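S.K.: Got a structure here, written out as structure tokens. Questions coming.
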């Protein structure tokens with residue numbers, strides 16, 4: 001059961017604070033009212049593990065694999081939770097499993113036990129566990145969840161890998177530029193000053209930048225920190241999230257990878273949820289929530305509304321005009337044959353392979369592009385430094 005913190009007034013009008021344990025907030029309110037209290041505030045108390053960071057998908061995948069194996073061996077749920085929590089390395093997941101064990105020991109369901117820690121156990125896991133408890137196929141649900149988290153983790157790692165390389169190279173370029181401005185340029189600037197040379201505009205610009213960086217470095221630091229902070233805050237806002245989501249699916253360099261990874265996640269998640277016996281509307285709702293891109297996520301939520309009106313899911317998915325056409329086409333075949341989960345599973349396999357290819361292609365394309373950027377930036381600085389020296393040599397030779 002969940003813990004709720006409350007603020008109430010007793011029969012004498014005196015204010016009291018405390019905590020109460022209940023299966024839901026409504027039941028907690030009922031308990032307090034039965035005791036004669038007038039409720040002022042009541043909120044779910046954050047558990048020990050829910051205050052910590054989210055658990056990685058690879059840890060969830062490992063947990064689901066182990067839990068499915070233990071359940072197949074005939075071990076009761078409480079004992080299985082105890083066994084896994086004792087050997088779990090991830091502290092956040094370990095604490096959450098212990099809380100779940102305590103909840104189940106008190107008579108609660110496993111789904112409700114996981115629901116206590118929403119930052120640890122995602123809604124999709126909770127809903128599938130609830131479906132497994134209803135159907136009696138808990139081990140099958142956990143096996144499907146293990147595959148789901150494993151595939152999600154693979155896609156995320158491929159995307160991070162594709163984006164990490166150019167970011168690291170650009171950081172190296174930035175460091176090289178800063179080092180040159182802070183150490184190399186001042187040396188040449190003093191030499192030019194002693195020689196009384198008239199500097200070209202490009203060289204003078206580098207000297208001015210170097211002087212500003214060495215004398216007003218704290219201003220540069222403040223401006224950079226403000227820009228980074230501003231971008232992060234904007235990205236978290238609804239307008240910022242929409243802006244970056246729209247840019248991700250429109251930029252030619254990364255749009256192919258973003259769209260195909262979203263298609264793979266959509267198909268895999270939908271197939272997993274439907275195969276567990278969850279209704280189509282709830283499955284679409286849960287699938288939408290796991291999609292990272294706001295534009296695609298809102299589009300899928302609109303599809304859910306269409307499905308609620310009786311429209312086949314393949315039609316609004318096609319009308320979104322975001323996913324590759326293969327997805328709604330295969331979905332339509334699945335709807336016609338009554339085997340949509342198997343069809344979505346095949347589509348997921350296809351797009352997961354496409355994500356691998358798209359990530360590799362992006363990395364291969366970025367390598368020469370980054371090299372060109374490095375050559376232009378560093379080469380331009382070197383040329384600006386040596387051009388006045390070469391000009392002076394030419395002047396000397398002419399005499």
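The values are calculated or read from the model by the stated rules, or taken from the named source; none is laboratory data. Keep in mind it's a predicted model, so treat the numbers as computed, not measured. No Cβ is skipped: glycine too gets one built from the backbone with ideal geometry, and neighbour counts run over all protein chains shown.
S.K.: Can you give me the number of residues within the range 239-279 that are out of contact with any helix residue (DSSP H, G or I) (no Cβ under 8 Å at 6 or more places or on another chain), more than 26 Å from residue 361 (Cβ to Cβ) and outside any helix (DSSP H, G or I)?
M.R.: The initial filter retains those residues of the range 239-279 that are out of contact with any helix residue (DSSP H, G or I) (no Cβ under 8 Å at 6 or more places or on another chain), namely 239, 247, 250-252, 279.
Still in the running and more than 26 Å from residue 361 (Cβ to Cβ): 239, 279.
Retained after the next criterion (residues that are outside any helix (DSSP H, G or I)): 279.
Residues meeting the conditions: 1.
S.K.: Right, another one. Suppose the filter is surrounded by 18 or more Cβ atoms within 10 Å (Cβ to Cβ), part of a helix (DSSP H, G or I), without any contact (Cβ under 8 Å) to a residue 24 or more places away in the chain and not assigned by TED's automatic domain parsing to the domain that holds residue 368; does residue 189 pass it?
M.R.: Working: surrounded by 18 or more Cβ atoms within 10 Å (Cβ to Cβ): yes; part of a helix (DSSP H, G or I): yes; without any contact (Cβ under 8 Å) to a residue 24 or more places away in the chain: yes; not assigned by TED's automatic domain parsing to the domain that holds residue 368: no.
Spelling it out, it is not the case that residue 189 is surrounded by 18 or more Cβ atoms within 10 Å (Cβ to Cβ), part of a helix (DSSP H, G or I), without any contact (Cβ under 8 Å) to a residue 24 or more places away in the chain and not assigned by TED's automatic domain parsing to the domain that holds residue 368.
S.K.: Something else: Does residue 97 fit the bill of being in contact with a helix residue (DSSP H, G or I) (Cβ under 8 Å, 6 or more places away or on another chain), buried (at least 21 other Cβ atoms within 10 Å of the Cβ) and closer than 18 Å to residue 285 by Cα?
M.R.: Values: in contact with a helix residue (DSSP H, G or I) (Cβ under 8 Å, 6 or more places away or on another chain): yes; buried (at least 21 other Cβ atoms within 10 Å of the Cβ): yes; closer than 18 Å to residue 285 by Cα: no.
Judged against the criteria, residue 97 is not a match.
S.K.: Here's something else I'd like to know. Looking at the range 244-258, which of its residues are surrounded by fewer than 22 Cβ atoms within 10 Å (Cβ to Cβ) and farther than 25 Å from residue 230 by Cα?
M.R.: Result: 252, 256.
S.K.: Further question on the same structure: Would you point out which residue out of 371, 385 is surrounded by fewer than 15 Cβ atoms within 10 Å (Cβ to Cβ) and assigned to a helix (DSSP H, G or I)? Break it down stepwise before answering.
M.R.: On the way: 385 fails: surrounded by fewer than 15 Cβ atoms within 10 Å (Cβ to Cβ).
Exactly one residue qualifies, and that residue is 371.
S.K.: Still on this structure: Inspect the range 376-394 for any residue being out of contact with any strand residue (DSSP E or B) (no Cβ under 7 Å at 6 or more places or on another chain) and either within 26 Å of residue 243 (Cβ to Cβ) or modelled with pLDDT of 90 or more (or both) and give the result as yes or no.
M.R.: Looking only at the range 376-394, we keep the residues that are out of contact with any strand residue (DSSP E or B) (no Cβ under 7 Å at 6 or more places or on another chain), and these are 376-394.
Subset that is either within 26 Å of residue 243 (Cβ to Cβ) or modelled with pLDDT of 90 or more (or both): none.
No - not one qualifying residue is present in the range 376-394.
S.K.: Moving to a separate point now. For the range 322-363, which residues satisfy the criterion of being farther than 18 Å from residue 287 by Cβ and within 26 Å of the chain's Cα centre (by Cα)?
M.R.: If the condition is that a residue be farther than 18 Å from residue 287 by Cβ and within 26 Å of the chain's Cα centre (by Cα), then 325, 353, 354, 356, 357, 358, 359, 360, 361, 362, 363 are the ones that fit.
Here's the yes/no breakdown for (1) within 18 Å of residue 344 (Cβ to Cβ); (2) touching a residue at least 40 places away in the same chain (Cβ under 8 Å):
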position: 276; (1), (2): yes, yes
position: 286; (1), (2): yes, yes
position: 291; (1), (2): yes, no
position: 294; (1), (2): no, yes
position: 298; (1), (2): no, no
position: 306; (1), (2): yes, no
position: 309; (1), (2): no, no
position: 316; (1), (2): yes, no
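S.K.: Let me ask you something else. Condition first: crowded, with 16+ Cβ neighbours inside 10 Å, touching a strand residue (DSSP E or B) at 6+ places or on another chain (Cβ under 8 Å) and either farther than 23 Å from residue 98 by Cβ or modelled with pLDDT of 80 or more (or both). Now tell me which residues in the range 39-60 satisfy that.
M.R.: 42
S.K.: Going by the structure shown, is residue 323 in contact (Cβ under 8 Å) with a residue 24 or more places away in the chain and part of a helix (DSSP H, G or I)?
M.R.: On the way: in contact (Cβ under 8 Å) with a residue 24 or more places away in the chain: yes; part of a helix (DSSP H, G or I): no.
In short, no.
S.K.: Go through (1) over 23 Å from residue 265 (Cβ atoms); (2) at pLDDT 85 or above; (3) out of contact with any helix residue (DSSP H, G or I) (no Cβ under 8 Å at 6 or more places or on another chain) for residue 191 and report which single condition fails.
M.R.: (2)
S.K.: Looking at this structure, is residue 36 outside the structural domain of residue 111 (by TED's automatic domain parsing), part of a loop (DSSP other than H, G, I, E, B), more than 20 Å from residue 129 (Cα to Cα) and modelled with pLDDT of 80 or more? Give the steps one after another, and end with the answer.
M.R.: On the way: outside the structural domain of residue 111 (by TED's automatic domain parsing): yes; part of a loop (DSSP other than H, G, I, E, B): yes; more than 20 Å from residue 129 (Cα to Cα): yes; modelled with pLDDT of 80 or more: yes.
Considered against the rule, which asks whether it is outside the structural domain of residue 111 (by TED's automatic domain parsing), part of a loop (DSSP other than H, G, I, E, B), more than 20 Å from residue 129 (Cα to Cα) and modelled with pLDDT of 80 or more, residue 36 comes out as yes.
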